[in-house]
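> Have a look at this one.
The values are calculated or read from the model by the stated rules, or taken from the named source; none is laboratory data. On a predicted model such as this, the values are computed, not experimentally measured, just so you know. Cβ placement follows ideal geometry from the backbone for every residue including glycine, while neighbour counts extend to all protein chains displayed. Just so you know, the surface numbers come from the protein's heavy atoms only, side chains and all, with ligands and any DNA or RNA stripped out. Shrake-Rupley method; radii C 1.70, N 1.55, O 1.52, S 1.80 Å.
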Amino acid sequence: MSDEKKNENMADKKMEVLRSIQKAEEIYTIASPCTKMIYVECDQDTFDDEVFVFLNLEDAQNGAKALAEKKEPVSLVKVANSQLLPFFSNLYTVGVNCVVVDRGTDREQRFQLGEIVHRPDEKDLPDGKIRVENPELVLTAAYLMQKTQRLRQGEGEQEVKDLQEEVMAHFFKGKYIVAFEADKGIPLLKDKKGDSYQPVFTDIMEFQKFNRENKFRTAVIPAEKIPDLLSPETKGVTINPITINLQLQMNKKKS
């Protein structure tokens, strides 16, 4: 078979899988309880940052079992057809670039995210609209929280330290959504130790998870300005408290 014919066959198979996803009543994906987000993995050969979806439950259970056998804590999440577009679109905010469909089966296919869902460039957004996203930070934080579980098992100490440094580097390059309430100011959250942290959000979807009662308004603040907003009693900030809940310790800037 010629290379051209092979390429045509591969393209046909990918289109068939895409149509199957579009028509499915539901699909399944693997989540991480460490982050309350989708489980992410870096492919050692391609260096793609990838997530896994499955067209049927049995294959999804087998995929989750294979990861659990590697001591990765995971769970399954069902995605209804009506939620497919927001599900795949949200992967842009997570920093994922690859979706692996039916991993470990003879139907396995790999897609770049843009092959599944396209979104407009920021320059094409309506006037007055801005896109606040920090995908590099979210992705690195997800890897950090997943690897921290390995650290509890006595593995990966140096890798965790490297990821911690990378998280801080990404954080100070970004701009974030800060919540505030009329007459009450910026909310504070307490952890199990009773220490207070100020929530900050990497994107609007993370803020909306926090603002389910519509009590808060927003401001977009660059990272270097966030220490100016901290109350004296806070230990720092917590990033995306509903999902990653990653605490970064920092102090209010002195006048």
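> Which is touching a helix residue (DSSP H, G or I) at 6+ places or on another chain (Cβ under 7 Å) and part of a strand (DSSP E or B), of VAL79, VAL53?
One residue alone meets the criteria, VAL79.
> Then there is this: So is GLU213 farther than 22 Å from VAL96 by Cβ and either open to solvent by 60 Å² or more (accessible area, probe 1.4 Å) or touching a Gly at 6+ places or on another chain (Cβ under 6 Å) (or both) or not?
yes
> Filter the stretch 163-205 down to residues that are without any contact (Cβ under 8 Å) to a residue 60 or more places away in the chain and either in a helix (DSSP H, G or I) or among the charged types (D, E, K, R) (or both), then give me how many there are.
Counting residues in the stretch 163-205 that are without any contact (Cβ under 8 Å) to a residue 60 or more places away in the chain and either in a helix (DSSP H, G or I) or among the charged types (D, E, K, R) (or both) gives 16.
> Let me confirm something: among ALA31, ALA80, ALA64, which residue is under 26 Å from ASN240 (Cα atoms), of a type in the set (A, V, I, L, M, F, W, C) and exposed (fewer than 13 other Cβ atoms within 10 Å of the Cβ)?
ALA80
> Across the stretch 34-61, which residue is surrounded by the most Cβ atoms within 10 Å (Cβ to Cβ) among those that are farther than 17 Å from GLU108 by Cβ and among the β-branched types (Val, Ile, Thr)?
Step by step, filter the stretch 34-61, then rank; the result is THR35.
> Can you tell me which residues in the stretch 219-233 are within 23 Å of the chain's Cα centre (by Cα), surrounded by 15 or more Cβ atoms within 10 Å (Cβ to Cβ) and outside any helix (DSSP H, G or I)?
ILE221
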